[in-house]
Amino acid sequence: MELIDFILHVDKHLETFIQNYNTGVYVLLFLIVFVETGLVVMPFLPGDSLLFAVGMLAAKGFLSIELSIGLMFLAAFLGDNCNYFMGKYFGEKIVNFKLFGKTLVKQAYIDKTQAYYDQNGAQTVIIARFIPIVRTFAPFVAGVGKMPYFKFLKFSLIGAVLWVVGISLAGYFLGSIPIVKENFEKVVIGIVLISVLPIVYKLFTQKEETKA
């Protein structure tokens, strides 16, 4: 429940953190984005809501939009590459590793991400950026599947730019609108729903094809 509260009210939590630790917030932003994209066991950390909130707070003068975007882009790009190499060299061991009898990486998430690769090819690295959970597993699965590194690098770079810049600037320009500012948690829910629409659509079409 605390994690859900943090995601839905990440703007308020970040504002409090800034008041207490000032520029230390930039370290926090870097770490959250890096861990969410770089560690396959952490797919539940906030991504989209964090970027949007950063844009909002930058518009209020709490943060530098240029520095925030630069650091979060670097974190996303480095996280992607870390995840790719973990999948390439340790993929099978990580998937099969158990702690207290439970696997840390759900096979279902791996399978869903692989299905995206089967459908969209290497462009999945870009598309997955905007889909919660899938974006954490996309680089890992690319590594497991031995996608050529420079091919992955190109799509990872494009995806990181579009994701970080796009959502952060959306928060920067839309966050000052009263109805958005006063209903941040609803905006976050809306972002999540829009993000998972591709998954819902894919499942629906697959079901219809099976019926046919």
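The values are calculated or read from the model by the stated rules, or taken from the named source; none is laboratory data. Computed from a prediction, not measured in an experiment: that's the story for all the values here. Every residue, glycine as well, gets a Cβ built from its backbone with ideal geometry; the counts of neighbours run over all protein chains shown.
Just name the residue that is surrounded by the most Cβ atoms within 10 Å (Cβ to Cβ) out of those in the range 182-196 that are modelled with pLDDT of 70 or more and aliphatic (A, V, I, L, M). Checked the range 182-196; the qualifying residue surrounded by the most Cβ atoms within 10 Å (Cβ to Cβ) is V187. The lone criterion from (1) more than 18 Å from the chain's Cα centre (by Cα); (2) under 24 Å from I191 (Cα atoms); (3) among the aromatic types (F, W, Y) left unmet by F150 is number (2).
Residue pairs whose Cβ atoms lie under 6 Å apart, sitting 6 or more positions apart in sequence or on different chains, and linking a residue in the range 128-146 that is farther than 11 Å from G91 by Cβ and of a type in the set (K, R) to a partner that is buried (at least 24 other Cβ atoms within 10 Å of the Cβ) and modelled with pLDDT of 85 or more, are R129/G159; R135/R129.
Which residues, counting only those in the range 122-147, are out of contact with any Asp or Glu (no Cβ under 8 Å at 6 or more places or on another chain), within 25 Å of I189 (Cα to Cα) and part of a loop (DSSP other than H, G, I, E, B)? Once the filter is applied, which keeps residues that are out of contact with any Asp or Glu (no Cβ under 8 Å at 6 or more places or on another chain), within 25 Å of I189 (Cα to Cα) and part of a loop (DSSP other than H, G, I, E, B), the range 122-147 yields I131, I133. When we screen L162, L169, L157 for residues that are at pLDDT 85 or above, within 19 Å of A59 (Cα to Cα) and in a helix (DSSP H, G or I), the only hit is L169. Of all residues in the range 40-95, how many are part of a helix (DSSP H, G or I) and without any contact (Cβ under 8 Å) to a residue 12 or more places away in the chain? Of the residues in the range 40-95, 4 are part of a helix (DSSP H, G or I) and without any contact (Cβ under 8 Å) to a residue 12 or more places away in the chain.
List the number of the failed condition for K102; all other conditions in (1) more than 17 Å from the chain's Cα centre (by Cα); (2) at pLDDT below 90; (3) under 27 Å from F155 (Cβ atoms) hold. Evaluating K102 over (1) more than 17 Å from the chain's Cα centre (by Cα); (2) at pLDDT below 90; (3) under 27 Å from F155 (Cβ atoms) leaves (3) as the failure.
Scanning the range 56-75 for residues that are crowded, with 22+ Cβ neighbours inside 10 Å and of a type in the set (G, A, S) gives S68, A75. Please state which of the following conditions Q119 fails to meet, knowing it meets all the rest: (1) assigned to a helix (DSSP H, G or I); (2) touching a Gly at 6+ places or on another chain (Cβ under 9 Å); (3) touching a residue at least 60 places away in the same chain (Cβ under 8 Å). Status for Q119: all satisfied but (2).
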